[in-house]
Amino acid sequence: MHKSHTSGELRRDHIGQTVKLAGWVNRRRDHGGLIFIDLRDRWGVTQVVSDPESAAAAHELLNTVRNEFVLQVTGVVRERPEGQTNENLSTGEIELVATDVKILNASKTPPFEINEDSNVDEKVRLKYRYLDLRRERMRRNLVLRSEVTTYIRNYLANEGFIEVETPILFKTTPEGARDYLVPSRVHPGKFYALPQSPQQLKQMLMVAGVEKYFQIARCFRDEDQRGDRQPEFTQLDMEMSFVERDDVTQLLEDLMTNMIEEVCDKPIMQKPWPRITYADAMDRFGEDRPDLRFEMYLKDVTAICRDTGFKVFDGAPMVKGINAEGCGATYSRKQIDALTKFVQQHGAKGLAWLRIDEDGYKSSFAKFLSEEKIGEMVAALDGKPGDLLLFIADKAEVANDVLARLRKRFGVELGLADPNVLACCWVIDFPMFMWNEDETRWDPSHHLFTSPMPDSIPLLDTDPGAAVGSQYDMVINGYETAGGSIRIHNRALQEKVFKLIGLEDDVAQERFGHMLEAFEYGTPPHGGIAPGIDRLVMLLAGEPNIREVIAFPKSQQATDIMAGAPSVVEDHQLVELHVGILDEDE
Ligand code: ASP
C-alpha cells in the first residue's frame, strides 16, 4: 500500500507516530518559509507541513507541486500549534510534518476548482466527470448512495430475500415508455429490447418458487429527459409470493424508515406514513403524488359556481381553487400576471384571482358574481384579509393539474415545502384503468400485470372504469419514489385484462405467451414494488435532480459527454447487424 492511513483518520492519538499518506493536493499555501499542503483523499483532508531546515528535499519538492498532483507523504504526526486548530476538519487538531515526499503523478490545471463547490457549467462537469466526482458534494453523494444500497441489501437479506440478476438483453417489458432495442447479429431482423424493468422476470421468479426476490436493477426507458428522468436508471426491484397489498407496503415502509433514519439526518414528518386514496389525493392535491409538507389544499367550488350567470364559471366542468395565504397583501399585479402566464403555459385558459382586503375585494372576476356567491367562495377557501384566492375553471384534468403545479410552485416560492424534512406517504386505490381518448381504449394505470382489487374483478365485465387496481405508490415530498401492485396470477384474468386494453389475442400470445403459459403451472399469488434508487438518493441528499446522484449520468440530451455516446459505428458493424441507416429525409 502506498499509504498507512487515510487523510480523514489521524487524530490526537496518533501524535508522535510516523505515518504515510497518499492523495491529491487540495490546496497549497506558502507561509514565509513553511509550505502547507492540504492532502485529500476520499476520507478527508490532512494538513501537511514542510520545514526547509529539518527536511530540505521534501520541502523542495513540495515547492513544485500544484493542486491535484498526487503525492505520497511520509512524516510525523504532531499537534497543531496553539491557535491553529481547525474545528471544521475531523483531522483539525493535528498536522503531518513531512520527512519524505514522492510525487506519484502530476496534474494539469483542472478546468474548474476541485476544492470548492462553485457553480460550474454542467456540460463541463459532465465532460470532466472524473474530476467533478472528486469534489466534496459529489463524493458525499456517492457515499450516501452506497450506504443506501448496502443498507437495503443487508436488511432484505435479513428478511429472507435473495438477490437474483435478470438479463439486460430481453424482450420488451412495457412500462409505458419507448424501448431501447439491440439488433441481433445471429438472427437477422430481430431485436432484443433492454428491459424497462425486470417486471416479467421477477414474476417468473415467483412462478419458480423464489418467494422473496430483490435486485438493484438497471432499467432502460427511451423517453424525453427531465430533471428526475434518465435513459437508464436504477430500481430496487422486489417481488414476494403469498402477500397482500398491506404486506408489501408495510415491509417497504419499515425498510425505508429504518434506512432513512440510519443514513440521513432529515426527519420523517409522520409515522406511520399516511395512506391516501387516489380520489382523496386528486381532490385535495390535484395529483397522485402529493407533497404533504404543507397544506394549501385544493377546494372544489364547482357547485357554488353553478347558475352564476358568469359564463366562464357556469360552463366549466370544474371550478377549483387554492388559497395562497398572505399573498394578497404581498403579491403585486406583476406577480399575479406571472402566475396567469404560468397556468396558461400549462394548459389553462386563464387564472381567476381574488385578493381579500380589509375593506373588500380586488378581483379579476368578482364584478360578474353576486356578493353572496363571492362570500360562499371565500368561505369555502377559508379566505381572510390578506389572502389571495386563485381559481381555475376547466376540465377536471386541467383544473387539477394546473392547481397542483401552482400549489407546488407556492411550496417553493413561499418556503412552505421544508427541504429538511421527508414527508412520506402511500397512495392507494388507484383506478385500474384510465380512458385513452386518442386511442379510444382503456390503458392500465400501472401496468398490464396489475391485478384488480378482489372486489373489483366482476367490474371488469360490467364497468371497467369503476374497477380499483391493487396498485400502491410510495410518494416522498411530491415525488413518486416507488410503484407496485399485487399481480394477476391466473391466465384467464390476465387474458381478460389484455383484451380490455385492446391487445389482440395473437399479439398478446406473441409478446406474453410465456407468461400466460407459466400461469398454468401453479403460480402463487404475488406482488411487488420498485423504488427508484436515484430519486430516493436525490431526496435524501437534498439534490435538485438525479444527475447529481448518478456517477456517470447522461446529459439532458441523453448523451454521455465524457466518452461521446451515442457515437457512429463502423459500416462493417452495421452490416454484421443487418442494419441500415436511413437518410434524414427518407
Ligand atoms: N415494474 C414496476 C415499475 O417499474 C414496478 C412494480 O410494479 O413492481 O414501475
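By its C-alpha gyration tensor, with a ≥ b ≥ c as the square roots of the eigenvalues, how is region 286-396 shaped: rounded for a/c under 1.5, else prolate for a/b larger than b/c, else oblate?
On the way: a/c = 1.28, a/b = 1.03, b/c = 1.25.
Since a/c stays below 1.5, the shape of region 286-396 is classed as rounded.
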Check your understanding: On the first, second and third principal axes, largest extent first, how far apart are the outermost C-alpha atoms of the chain in Å?
Key -> 93, 75, 55
Point to revise | Sequence-distant lysines (8 or more away, or on other chains) whose Cα lies within less than 18 Å of Lys20 | key: Lys3, Lys102
Practice item. For Lys123, go through the lysines and keep the ones whose alpha-carbon is under 25 Å away, minus same-chain ones fewer than eight residues off. Key: Lys108, Lys554
Practice item. Pull up the DSSP beta bridges for the chain and report the antiparallel fraction as a percent, rounded to 5. Key: 90 percent
Practice item. With an 8 Å cut-off on Cα pairs and a minimum separation of 6 or more residues, tell me the relative contact order of the chain in percent. Key: 13 percent
Review point. Percent relative contact order of region 482-528, based on C-alpha pairs within less than 8 angstrom and at least six residues apart?
Key: 65 percent
Point to revise | Spatial extent of region 224-304: Rg and Dmax, with the Cα atoms as the point set, Å | key: 16.7, 49
Check your understanding: If we count chymotrypsin sites (Phe, Trp or Tyr not before Pro) as exposed when they sit in a DSSP loop and have at most 13 other beta carbons within 10 Å, what is the longest stretch of the chain that avoids them all?
Key -> 243-520
Check your understanding: Residues of region 358-385 with amide nitrogen under 19 Å from the 7 Å Cα-to-Cβ point of Gln344?
Key -> 363-366
Revision key, fill the gap. Honestly region 124-244 on the Cα gyration tensor test (a ≥ b ≥ c root eigenvalues; a/c under 1.5 rounded, otherwise a/b vs b/c for prolate or oblate) is just oblate
Check your understanding: Could you put Val76, Val101 in order, starting from the residue whose Cβ has the fewest other Cβ atoms within 10 Å?
Key -> Val76, Val101
Point to revise | Spatial separation of Cα centroids for region 231-308 and region 1-80, in angstrom | key: 50 Å
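Let me have the relative contact order for region 283-390, percent, based on Cα pairs under 8 Å that are six or more residues apart. It would help to have the intermediate numbers written out before the result.
Details: 150 pairs, mean separation 34.0, N = 108.
Once normalised by length, the contact order is 31 percent.
Taking the number of other C-beta atoms within 10 Å as the exposure measure, put Lys349, Lys311 in order starting with the fewest. Mind showing how you got there, number by number?
Details: Lys349 14, Lys311 10.
Listing Lys349, Lys311 from fewest to most nearby Cβ atoms yields Lys311, Lys349.
Is the shape of region 497-586 rounded, prolate or oblate, going by the alpha carbon gyration tensor and its root eigenvalues a ≥ b ≥ c, with a/c under 1.5 for rounded and a/b larger than b/c for prolate? Mind showing how you got there, number by number?
Numbers: a/c = 2.61, a/b = 1.18, b/c = 2.21.
Judged from the Cα gyration tensor, region 497-586 comes out oblate (a/c at least 1.5, b/c at or above a/b).
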Study note, to complete from the structure: Links exceeding 23 Å between C-alpha atoms in this model, out of Lys202/Lys266; Lys299/Lys367; Lys320/Lys349; Lys311/Lys367; Lys299/Lys362; Lys320/Lys367, come to Lys202/Lys266
**Study point:** Length gained when the stretch Arg275-Asp337 is fully extended (0.36 nm per residue, less Cα-Cα span)
**Key:** 18.7 nm
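In which sequence would Asp418, Asp288 go, from the one with the fewest C-beta neighbours within 10 Å to the one with the most?
Starting with the residue having the fewest Cβ neighbours, the order is Asp418, Asp288.
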Check your understanding: Glu437 versus Glu510, label points 7 Å from Cα toward the beta carbon: distance in nm?
Key -> 3.1 nm
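Throughout, read-outs are computed from the coordinates displayed, never taken from laboratory work. For clarity, every value in this text was computed on a predicted model and none was experimentally measured. So basically every Cβ, Gly included, is an ideal-geometry build from the backbone, and we count neighbours across all protein chains shown.
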